[in-house]
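One structure is given here, and the rest of the page talks about it.
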Amino acid sequence: MAIIEVENLTKKYPLPDNKSESFFAVDGISLSIEAGEIYGILGPNGAGKTTTLEMLEGLTDIDGGTATIDGIDVNNEPYKVKEIIGVQLQANEYFDSLSLLELLTLFGALYSREIDADDLLGKVNLLDKAKAKPANLSGGQKQRFSIACALVNNPKVLFLDEPTTGLDPQAKRNLWDLVIDLNNAGMTIVLTTHNMEEAETLCQRIAIMDHGKIIAEDTPQNLILQHAAEPPKAPLHGNIEDVFLTLTGHGLRD
Ligand code: ADP
């Protein structure tokens, strides 16, 4: 059953060098994401991935088309949608004086929820840091804490925008394990990433975006079979990075 349905979604922004003209940052995309799926959106910088997520999260107005999450129309009922989604933002600013435990309790209160902050910290493997301040966490710990914050309302759908950018390999693996655990517990996860191994490891399906459009969507294995240049007798020689480069032609621009 699809939990996220997107039809012909568009977002226009003014052109940077001529503000009286606009361009489609998201140009009529349609998606159907299954409940319980880990779904990845890949694409070069500027492809429209973040804008797509922000529209689904109710953080950016939708210019055209429709999006529903668990049957709730994102455009008409943004607050109802916010109750069932968790959003991990790329850069989080927290109150410096509060500990992780206090911050989670505060975020729970904002949702009018009594939360078990210890349980949440345990989930993201930060129980031993309960009394620490966010400023004193490592990069990987900060990312895991921002996921804990996104979990305070026990969301059905979790959005992760480049969750492992800048993390060392161990911290990255820890975060992958967390994503897999959450997914095993039934959570639908939508993520963007520039890390092809991450997409290939975590995602059941991948959409590749370029210039505001989805140019391919399938399981990692099918994408590789269809698009990665491979020697004739080794059909799975290529990987998702080959698919990405074949389809978008201009590689990663971080
Ligand atoms: P991605 O996440 O794939 O890197 P974005 O969704 O951030 O891409 O951006 C898509 C396009 O929209 C880019 O050309 C970007 O410069 C433009 N854009 C994003 N946000 C805004 C904004 N608030 N105002 C004007 N243009 C924007």
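The values are calculated or read from the model by the stated rules, or taken from the named source; none is laboratory data. Computed from a prediction, not measured in an experiment: that's the story for all the values here. Backbone-built Cβ (ideal geometry, glycine too); neighbour counts: all protein chains shown. Just so you know, the surface numbers come from the protein's heavy atoms only, side chains and all, with ligands and any DNA or RNA stripped out. Shrake-Rupley method; radii C 1.70, N 1.55, O 1.52, S 1.80 Å.
Things worth noting here:
- Pairs where the first residue, in the stretch 205-228, is more than 19 Å from ALA47 (Cα to Cα) and open to solvent by less than 50 Å² (accessible area, probe 1.4 Å) and the second is in a strand (DSSP E or B) and within 15 Å of the ligand (Cβ to nearest atom), C-beta under 6 Å, 6+ apart: PRO220/ILE206
- Scanning the stretch 12-33 for residues that are assigned to a strand (DSSP E or B) and more than 30 Å from GLY186 (Cβ to Cβ) yields a count of 14.
- Yes/no for ALA117 being within 20 Å of VAL179 (Cα to Cα), away from the ligand (no atom under 16 Å from the Cβ) and over 20 Å from the mean Cα position of the chain (by Cα): yes
- Residue within the stretch 3-25 that is within 12 Å of the ligand (Cβ to nearest atom), surrounded by 15 or more Cβ atoms within 10 Å (Cβ to Cβ) and within 28 Å of LYS142 (Cα to Cα) present: no
- Each residue in the stretch 45-67 was checked for being assigned to a loop (DSSP other than H, G, I, E, B) and either within 7 Å of the ligand (Cβ to nearest atom) or without any contact (Cβ under 8 Å) to a residue 60 or more places away in the chain (or both), and 10 of them qualify.
- Within the stretch 34-44, restricting attention to residues that are in a strand (DSSP E or B) and within 11 Å of the ligand (Cβ to nearest atom), the residue that is nearest to the chain's Cα centre (by Cα) is ILE41.
- Note on the stretch 135-150: residues that are open to solvent by 10 Å² or more (accessible area, probe 1.4 Å) and either out of contact with any strand residue (DSSP E or B) (no Cβ under 9 Å at 6 or more places or on another chain) or more than 23 Å from ASP168 (Cβ to Cβ) (or both) amount to 8.
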